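Step one of this worksheet: look at the structure below.
The values are calculated or read from the model by the stated rules, or taken from the named source; none is laboratory data. The shown structure was predicted, so the numbers you read here are calculated from the model rather than taken from an experiment. A quick note on method: Cβ atoms are made from the backbone with ideal geometry, for glycine too, and the neighbour counts reach across all protein chains shown.
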Amino acid sequence: MRDQADSLRNLMRQTQEVRRTRPPSGEAARVITICSGKGGVGKTSITLSLAYAMMQRGARVLVLDADLGMANVEVLLGTSSAYNLLHVIRGMKSLRDVVVEGPRGLRWIPGGSGVAELADLTADQLHSLVASFGELDATTDVLLIDTGAGISRTVTSFIQAADEAIVICTPEPTSITDAYGVIKTVSAGERPIPLSLLVNRAVNDREAMDVGRGVQRAARRFLNRDVSVLGYLPEDPLVARAVRAQQPFFLMQPSARVSRSVDQVAAKLIHQEQEGARPKGLGAFIKRFASFFE
Ligand SMILES: Nc1ncnc2c1ncn2[C@@H]1O[C@H](COP(=O)(O)OP(=O)(O)OP(=O)(O)O)[C@@H](O)[C@H]1O
Ligand SMILES: [Mg+2]
């Protein structure tokens, strides 16, 4: 009797575990890298507001702060974390333990110095990291990765390992040429990653459209590469105010023009059918990332 009860209990536990580690829709999380060439163009502000806008539309979002030393997400959310990815890699904490629950339930992972360590994993570390990221597939539809400025090897590897990337630029000429530089670097990589451009801080629609089309045309002409334009966000003093208040601008004033524009981007992203392979999930993403450093 006792044996039977035990095995029944075991079976139930196993079923629950399967349920927990498999996404309800049967699909794996989609990984999107947010990057730019030039720094300070709005990556972190946009990543967080986009995360909230997507959450409001029903997506289960997870954010990875992959900015090497600056802990951008932490500052802009006004929350702090005692642990980061490094503790997971070193086996001191489980990934679940370092996922921080931010305001209104936004889940995010502090990368900290663990981001650098990702480039130098032992086989055991990689194996356990792939498994623990894979577990998060069950509760995640989208992983947004906020990267640091510039196109370091780590940043290009995040882009190459992800399912798609959003390149952010402003109408400033240096920002445009740097964004083009990112597109060029990514295009030279092995995997054909779908890229889209998001023009931030545009004074008006006309300017934004000119910038978007200009980059799109240059990529097509010189790189033989299609880049879609994901959208435009206006210049809005709310963004700087929100940074000072350590609050995502989308939460601070959802009706502001810049917030509504972010919501449009969120809607587009959710409904967008990306070309190419279907997402393979978070475990596969980490594995691919690590393979660039073998
Ligand atoms: N749409 C906008 N309107 C007005 N100001 C903006 C807008 N977007 C960004 N900014 C300004 O740019 C600053 C930098 O934004 P943010 O920190 O999000 O950029 P970042 O790309 O993450 O920077 P870094 O490369 O250093 O990580 C903000 O503090 C804000 O002052
Ligand atoms: Mg940032």
Search the range 37-64 for residues that are closer than 15 Å to Q253 by Cα and pair each with any residue that is charged (D, E, K, R) and within 12 Å of ligand 2 (Cβ to nearest atom) when their beta-carbon atoms are under 9 Å apart and the residues are at least 6 apart or on different chains.
I46/D146; L48/D146
Taking the range 223-258 and keeping residues in a helix (DSSP H, G or I) and more than 7 Å from ligand 1 (Cβ to nearest atom) leaves L223, L238, R241, A242, R244, F249, F250, L251, M252, R257
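Please pick out the residue among P194, P171 that is over 30 Å from R90 (Cα atoms), under 20 Å from the mean Cα position of the chain (by Cα) and crowded, with 16+ Cβ neighbours inside 10 Å.
P194
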Of (1) surrounded by 20 or more Cβ atoms within 10 Å (Cβ to Cβ); (2) within 17 Å of the chain's Cα centre (by Cα); (3) within 16 Å of ligand 1 (Cβ to nearest atom), D178 fails just (2)
With (1) under 22 Å from G40 (Cβ atoms); (2) more than 16 Å from ligand 2 (Cβ to nearest atom) as the list, and R217 as the residue in question, which single condition is left unmet?
(1)
Complete set of residues in the range 24-83 that are part of a helix (DSSP H, G or I), in contact with a Ser or Thr (Cβ under 7 Å, 6 or more places away or on another chain), near ligand 1 (Cβ under 9 Å from one of its atoms) and farther than 19 Å from A267 by Cα
N72, L76
Verdict on A131 being away from ligand 2 (no atom under 13 Å from the Cβ), under 18 Å from the mean Cα position of the chain (by Cα) and in contact (Cβ under 8 Å) with a residue 24 or more places away in the chain
no
Could you give me the residue pairs with C-beta distances under 8 Å whose first residue belongs to the range 197-215 and is touching a residue at least 60 places away in the same chain (Cβ under 8 Å), whose second residue is of a type in the set (S, T, N, Q) and outside any helix (DSSP H, G or I) wherever it lies, and which are 6+ apart or on separate chains?
N200/T170; R201/T170
Pick out, from the range 98-195, the helices (runs of 4 or more DSSP H) lying fully within it that include 1 or more residues that are out of contact with any Gly (no Cβ under 9 Å at 6 or more places or on another chain) and more than 23 Å from G37 (Cα to Cα).
123-135
With L143, L118 as the choices, which residue is at pLDDT 95 or above and more than 15 Å from ligand 1 (Cβ to nearest atom)?
L143
So G148 ticks every box in (1) at pLDDT below 95; (2) surrounded by fewer than 20 Cβ atoms within 10 Å (Cβ to Cβ); (3) of a type outside the set (F, W, Y) but one. Which box is left unticked?
(2)
Return yes when L85 is more than 14 Å from the chain's Cα centre (by Cα) and either crowded, with 22+ Cβ neighbours inside 10 Å or of a type outside the set (D, E, K, R) (or both) and no when it is not.
yes
Would you mind finding the one in K280, K268 that is more than 16 Å from ligand 2 (Cβ to nearest atom), surrounded by fewer than 16 Cβ atoms within 10 Å (Cβ to Cβ) and under 21 Å from the mean Cα position of the chain (by Cα)?
K268
Just a yes or no: is a residue in the range 132-140 closer than 26 Å to S49 by Cβ and within 16 Å of ligand 1 (Cβ to nearest atom)?
no
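Out of S255, S261, S291, I need the residue that is more than 16 Å from ligand 2 (Cβ to nearest atom) and farther than 19 Å from M54 by Cα. Which one? Give the steps one after another, and end with the answer.
Details: S255 fails: farther than 19 Å from M54 by Cα; S261 fails: farther than 19 Å from M54 by Cα.
Of S255, S261, S291, the one residue that is more than 16 Å from ligand 2 (Cβ to nearest atom) and farther than 19 Å from M54 by Cα is S291.
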